[in-house]
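Chemist: Okay, handing you the structure first.
The values are calculated or read from the model by the stated rules, or taken from the named source; none is laboratory data. What you see is a predicted model; the values in this text were computed from it and never measured. Heads up, the Cβs are rebuilt from the backbone with ideal geometry, glycines too, and the neighbour counts pull from every protein chain shown.
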Amino acid sequence: MNLAGSLRRIGRTDIFVSPIALGCWPITGITSVDVNREDSLLTICAALDAGINFFDTAHMYGYDGESERLIAAAIGDRRDEFVIATKSGLHWDESRQRVCDARPETIHRECRESLRRLETDYVDLLFLHAPDRTVPLAETAGAFYELHQQGLVRAVGLSNVTISQIEEFRAVCPIEVCQPAYNMLQREIDQHLLPWCRQQQISVVVYWPLMKGLLAGRLRRDHIFSREDGR
């Protein structure tokens, strides 16, 4: 399989990505079993060899940014060949509990931390990982707009949002990508979100297309999950 000849445009940008991305949450080993650094690096390299140029990570993928650091180690000095998407707005606290924080100062700080881990001076796509109910979306959008204007972010996206939230956000900051869950068992976006995004020329880049591997045809019906397996 080689995907290099079938690149697709992100929104109205000049960013082109392979139709399959590598989701880089499992390589951190937080909710996946039998994960180690060597195999994680080999996974990224196998994706590169298959023609995948699109890597999806986040500030909170790994308790100390392991996912972003692994991507940097794997691509080395070939940064310009690849499209990197990362996310801000969620992080781990000192007790390793997930915290939603989309205050403007947090978005700025997390973006710069991600840039250092990725060893790059820009990211191709920066997503708001999830809306923060305690912070007006317009304030969060303002931070994303500033990062885009500063050239630290080529394009902006939203994850885990509704149509009304997209409209509220893009009144302040243009967006090019929406990222919902979508697979054979989770098809809620078919009814409203997907056709609306098509009409608005917003690209849809889904997560969980194989439902965390549960739909990949690799597990027996009598498979017994270990306690460490987040599925």
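Chemist: Which of the residues that make up region 116-137 are in contact (Cβ under 8 Å) with a residue 40 or more places away in the chain, over 30 Å from residue 80 (Cβ atoms) and either assigned to a helix (DSSP H, G or I) or hydroxyl-bearing (Ser, Thr, Tyr) (or both)?
Modeler: Residues satisfying the conditions do not exist here.
Chemist: Give the residues of region 110-137 that are surrounded by 15 or more Cβ atoms within 10 Å (Cβ to Cβ), more than 12 Å from the chain's Cα centre (by Cα) and charged (D, E, K, R), sorted by residue number.
Modeler: Matches in region 110-137: 110, 113, 117, 119, 132.
Chemist: Looking at region 189-209, I want the residues that are among the aliphatic types (A, V, I, L, M) and have a partner that is surrounded by 16 or more Cβ atoms within 10 Å (Cβ to Cβ) and part of a helix (DSSP H, G or I) with Cβ atoms under 7 Å, at least 6 apart or on another chain. Which pairs are those?
Modeler: Between residues of region 189-209 that are among the aliphatic types (A, V, I, L, M) and residues that are surrounded by 16 or more Cβ atoms within 10 Å (Cβ to Cβ) and part of a helix (DSSP H, G or I), the close pairs are 204/194; 204/197.
Chemist: Another one. Name the pairs: first residue in region 65-79 and under 10 Å from residue 28 (Cβ atoms), second residue of a type in the set (Asp, Glu), Cβ to Cβ under 8 Å, at least 6 apart or on different chains?
Modeler: Note: pairs meeting the criteria are 65/113.
Chemist: Checking the condition modelled with pLDDT of 95 or more and farther than 28 Å from residue 226 by Cα, which residue from 86, 57 passes?
Modeler: Working: 57 fails: farther than 28 Å from residue 226 by Cα.
After applying the criteria, what remains is 86.
Chemist: Now for a separate question. Among the numbered criteria (1) loosely packed, with under 15 Cβ neighbours inside 10 Å; (2) on the phi > 0 side of the Ramachandran plot, which single criterion is violated by residue 39?
Modeler: The single condition residue 39 does not satisfy is (2).
Chemist: Can you name the residue in region 138-165 that is touching a residue at least 60 places away in the same chain (Cβ under 8 Å) and in contact with a Phe, Trp or Tyr (Cβ under 8 Å, 6 or more places away or on another chain) and is also surrounded by the most Cβ atoms within 10 Å (Cβ to Cβ) among such residues?
Modeler: If we take residues in region 138-165 being touching a residue at least 60 places away in the same chain (Cβ under 8 Å) and in contact with a Phe, Trp or Tyr (Cβ under 8 Å, 6 or more places away or on another chain), then 157 is surrounded by the most Cβ atoms within 10 Å (Cβ to Cβ).
Chemist: If I go through region 182-193 residue by residue, how many of them are in contact with a Phe, Trp or Tyr (Cβ under 9 Å, 6 or more places away or on another chain) and crowded, with 17+ Cβ neighbours inside 10 Å?
Modeler: Looking only at that region, the number is 2.
Chemist: I'm trying to understand the selection: among the residues of region 177-197, which are within 13 Å of residue 166 (Cβ to Cβ) and either of a type in the set (A, V, I, L, M, F, W, C) or assigned to a helix (DSSP H, G or I) (or both)?
Modeler: 177, 178, 189, 193, 194, 196, 197
Chemist: So residue 28 passes all but one of these: (1) buried (at least 17 other Cβ atoms within 10 Å of the Cβ); (2) at pLDDT 95 or above. Which condition number does it fail?
Modeler: Of everything listed in (1) buried (at least 17 other Cβ atoms within 10 Å of the Cβ); (2) at pLDDT 95 or above, residue 28 misses just condition (2).
Chemist: Which residue is farthest from residue 11 (Cα to Cα), if the candidates are limited to region 158-212 and must be among the acidic types (Asp, Glu) and over 19 Å from the mean Cα position of the chain (by Cα)? Before you say what the answer is, go through the steps one by one.
Modeler: First pass over region 158-212, keeping only residues among the acidic types (Asp, Glu): 167-168, 176, 188, 190.
Filter once more, keeping what is over 19 Å from the mean Cα position of the chain (by Cα): 167-168, 188, 190.
Details: 167: 16, 168: 18, 188: 22, 190: 19 Å.
This residue is 188.
Chemist: Among 168, 113, which is the only one that is farther than 30 Å from residue 70 by Cβ, among the acidic types (Asp, Glu), assigned to a helix (DSSP H, G or I) and at pLDDT 95 or above?
Modeler: Values: 113 fails: farther than 30 Å from residue 70 by Cβ.
Of 168, 113, the one residue that is farther than 30 Å from residue 70 by Cβ, among the acidic types (Asp, Glu), assigned to a helix (DSSP H, G or I) and at pLDDT 95 or above is 168.
Chemist: Only one of these conditions is not met by residue 14: (1) touching a residue at least 40 places away in the same chain (Cβ under 8 Å); (2) closer than 19 Å to residue 203 by Cα. Which number is it?
Modeler: In the conditions (1) touching a residue at least 40 places away in the same chain (Cβ under 8 Å); (2) closer than 19 Å to residue 203 by Cα, residue 14 misses (1) alone.
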